[in-house]
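Okay, so here's the structure we're looking at.
The values are calculated or read from the model by the stated rules, or taken from the named source; none is laboratory data. Fair warning: this is a prediction, and the values are worked out from it, not measured in the lab. Counting neighbours? That spans all protein chains shown, and the Cβs are built from the backbone with ideal geometry, glycine included.
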Protein chains: 2
Amino acid sequence: MDLDQQAGATGLPAPGGGRVTMQQVAAEAGVSVSTVSKVLNGRYGVSPATSEHVMGVITRLGYEASLVARSLRNRRTNVIGVLVADFEPFSTEVLKGAADAIRGSGFELVAYSAGGRVDEHVGWERRYLSRVMGTLVDGAVLVTPTVTDVQYDGPVVAVDPHTGRSSLPTVAGDNLQGARLGVDHLLGLGHTRIGMVTGRPDLVSAQLRERGYREAHAAAGLVVDEDLLALGAFEAEQARVAAHHLLSLPDPPTAVFAANDRSALAVLEVAAERGLEVPGDLSVIGFDNVPESALSDPPLTTVEQPIRRMGHDAVALLLSLLDGDEAAATQLTLPTTLVTRRSTAAPSTSRD
Amino acid sequence: MDLDQQAGATGLPAPGGGRVTMQQVAAEAGVSVSTVSKVLNGRYGVSPATSEHVMGVITRLGYEASLVARSLRNRRTNVIGVLVADFEPFSTEVLKGAADAIRGSGFELVAYSAGGRVDEHVGWERRYLSRVMGTLVDGAVLVTPTVTDVQYDGPVVAVDPHTGRSSLPTVAGDNLQGARLGVDHLLGLGHTRIGMVTGRPDLVSAQLRERGYREAHAAAGLVVDEDLLALGAFEAEQARVAAHHLLSLPDPPTAVFAANDRSALAVLEVAAERGLEVPGDLSVIGFDNVPESALSDPPLTTVEQPIRRMGHDAVALLLSLLDGDEAAATQLTLPTTLVTRRSTAAPSTSRD
DNA sequence: CTGTTAGCGCATTCAA
DNA sequence: TTGAATGCGCTAACAG
């Protein structure tokens, strides 16, 4: 039998569909599966001749080892999992950062989402983790988990966990400082009646942002009007309701601080529907700086979390954890910054 | 020391790490694995009493079936794979669209990337496919594959394939029309010396965009100056070189049409480095409209492909294919549109 | 140097 | 109603 590339003439991979298995390669090459396995993994104990021959059959048949079968058998898979509730602007930014960090590490990246079946249970991250950890992936990054008391054998890092202090290594933005930044910006512009569309009350990130809002007021010697706080719950529909409520107040706010960009974008929509000019009649500021926030009309002023970097650092941390560096386990807090675009301005001097 | 499972009476979920397997559930419940399996999958032939008891143990232990083991055993996994070369702005937009389409379908979504080890081989999609198709996923969406002559048992849909007519169902933007749109915009502004930073010559999408560029010139009765075409290869570094080349020409272009946003953004950078005002001294237009294109300074005018919708339609198509609807296999071409932002303007009237 | 054996975690026969 | 046996595709012992 001839050796390698000669088969290029026929070169038809996977004739007739159905994936090629190691069995078929072995049969085709006239050797045993274990020999194929050894060749594939570069194990010693195979003669150069057979090795080359098998290699030829492998490429000719276009064989690739099944990730699943290999994962089931091996303890190490060289795959990192990123577990998200959904693929939306925030989580995909994290993904980009994760990809930056994984490059050249020899690891592969799998992002896993349950396709919106999430809201059923709060503890989605726990279920996902059980499904993939220890089999499909060597370690995992949890994006905005709602619970972090999980405890598994493999290393796990949480990005922007919405819950309080956890046992997990964590990468998060500085929510408190960020909120201060945002509200101070509004205050500095001359606003004194600043509404807030709050996040989900059970999540610490939301609590921190509200606290920043309050602290900023206190620092400015202002008393917070509790009527100016409306529940947005981090999601668009609820934020719309909140915005309508705020703007219907007898003495409506001249500016709104939204707990995240998604909410801020909703506020922008509502303002437009009500014929309000932004920032002429109403200033709006968000939180996150997802790319989409620059696409709105007007482009959104917002508090930036370095999302990509959070993804990057989370994976880097995970990688060193995987490398046995227990000292790497830590709680990283990344600074937030103000991104001034065009949805904020000084309050109009002439108001009724 | 033995960290055996003394969890018996304690009822602590996953004590001390190590994922919970069906074996452990069975042992804890005092039944066989097959019984646990039946309970888990709602098979008939289990007494209500045992069923309930086992169920209790399952929740108490926080057991979740391993995705991998289940995939290996079952033909159907109810998981859709999205295979990407890397997580970058384009592919993540597709992902968002895919998530939109998957919601409520009962399927889950797995996005898989080899972590930048791609450029080694052109046929990354073939390798990925072999690794996951038929085991981990029921069907796959290939994002910007470079080869589409793959032929596997499971259904596969390609999004924005860079190669020519393929045997695969496909969702793509209208590259030819889009390029016409972009160049016509420049022409309409009064530009007559329009440079082009081209894409990878081996990819049909790039060829089409160049053809649109030429056709637009022809339609306007203009002859294309071949010196005004420079290779950008769809990536930043090469595009920078191309931009420098173009702008160093004795009679430089007053506008540049870049084959994709990534290249256009690179042109913007180079222009800034050379002290050129955009759009005062130079107009720049891109292709894709990834969210990032709005973040540049100035915000980029570009030809939009409905990327999210492409992802959505690809998954929808895949789902109906999975449903046995062979007629769904088709080549979808989605219209492109012009997004006018601030990187294009009429050429300055006074030039040397 | 090569093939045989066993088993990863699970679902499905088939017997008991 | 239940459990023991079988095998998905692969790798790691061990035996030949």
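Quickly run through the stretch A:1-53 and pick out the residues that are surrounded by fewer than 16 Cβ atoms within 10 Å (Cβ to Cβ), among the charged types (D, E, K, R) and modelled with pLDDT under 90.
A:2, A:4, A:43
What pairs come out if I take residues in the stretch A:36-47 that are within 14 Å of chain B (Cβ to nearest Cβ) and pair them with residues that are more than 7 Å from DNA strand D (Cβ to nearest atom) whose C-beta lies under 8 Å away, six or more apart or interchain?
A:40/A:58
Hey, does the stretch B:80-93 have a residue that's of a type in the set (A, V, I, L, M, F, W, C), facing chain A (nearest Cβ under 7 Å) and under 21 Å from the mean Cα position of the chain (by Cα)? Working first, answer last.
We begin by selecting, within the stretch B:80-93, every residue of a type in the set (A, V, I, L, M, F, W, C); these are B:80, B:82-85, B:87, B:90.
Filter once more, keeping what is facing chain A (nearest Cβ under 7 Å): B:87.
Within this subset, residues satisfying the condition of being under 21 Å from the mean Cα position of the chain (by Cα) are B:87.
Yes: the stretch B:80-93 contains one or more residues that are of a type in the set (A, V, I, L, M, F, W, C), facing chain A (nearest Cβ under 7 Å) and under 21 Å from the mean Cα position of the chain (by Cα).
Conditions tested, residue by residue: (1) within 16 Å of DNA strand C (Cβ to nearest atom); (2) assigned to a helix (DSSP H, G or I); (3) of a type in the set (Ser, Thr, Tyr).
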site: A:70; (1), (2), (3): yes, yes, no
site: A:76; (1), (2), (3): yes, no, no
site: A:90; (1), (2), (3): no, yes, no
site: A:94; (1), (2), (3): no, yes, no
site: A:99; (1), (2), (3): no, yes, no
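If I go through the stretch A:209-236 residue by residue, how many of them are at pLDDT below 95 and in a helix (DSSP H, G or I)?
1
In the stretch A:296-336, what residues are part of a strand (DSSP E or B) and over 19 Å from the mean Cα position of the chain (by Cα)? Before the answer, list the steps.
Taking the stretch A:296-336 as the starting set, the residues that turn out to be part of a strand (DSSP E or B) are A:301-304, A:331-334.
A:301 - this is the single residue of the stretch A:296-336 that is part of a strand (DSSP E or B) and over 19 Å from the mean Cα position of the chain (by Cα).
Which number in (1) in a loop (DSSP other than H, G, I, E, B); (2) within 14 Å of chain B (Cβ to nearest Cβ) marks the one condition that residue A:277 misses?
The single condition residue A:277 does not satisfy is (2).
Within the stretch B:20-35, track down each residue that is within 14 Å of chain A (Cβ to nearest Cβ) and more than 7 Å from DNA strand C (Cβ to nearest atom). Write out each step before concluding.
We begin by selecting, within the stretch B:20-35, every residue within 14 Å of chain A (Cβ to nearest Cβ); these are B:20-25.
The answer is B:20, B:24, B:25.
Just to be sure I understand the filter: pairs with C-beta atoms under 6 Å, separated by 6 or more residues or on different chains, first member in the stretch B:222-237 and closer than 10 Å to residue B:259 by Cβ, second member hydrophobic (A, V, I, L, M, F, W, C) and modelled with pLDDT of 95 or more. Which pairs pass?
Here the result reads B:231/B:242; B:232/B:197; B:232/B:239; B:232/B:242; B:232/B:259, each pair linking the stretch B:222-237 to a residue that is hydrophobic (A, V, I, L, M, F, W, C) and modelled with pLDDT of 95 or more.
In the list A:44, A:128, A:63, which residue meets the criterion of being more than 9 Å from DNA strand D (Cβ to nearest atom) and in a loop (DSSP other than H, G, I, E, B)? Spell out how you get there, then give the answer.
Values: A:128 fails: in a loop (DSSP other than H, G, I, E, B); A:63 fails: more than 9 Å from DNA strand D (Cβ to nearest atom).
Of the residues listed, the single one that is more than 9 Å from DNA strand D (Cβ to nearest atom) and in a loop (DSSP other than H, G, I, E, B) is A:44.
Kindly establish whether residue B:84 is touching a residue at least 40 places away in the same chain (Cβ under 8 Å) and either surrounded by 19 or more Cβ atoms within 10 Å (Cβ to Cβ) or within 16 Å of DNA strand C (Cβ to nearest atom) (or both). Before the answer, list the steps.
On the way: touching a residue at least 40 places away in the same chain (Cβ under 8 Å): yes; either surrounded by 19 or more Cβ atoms within 10 Å (Cβ to Cβ) or within 16 Å of DNA strand C (Cβ to nearest atom) (or both): yes.
So residue B:84 passes the test.
Give me the pairs: first residue in the stretch A:49-75 and β-branched (Val, Ile, Thr), second residue in a loop (DSSP other than H, G, I, E, B) and more than 11 Å from DNA strand C (Cβ to nearest atom), beta-carbon distance under 7 Å, and six or more apart or on different chains, which are they?
A:68/B:136
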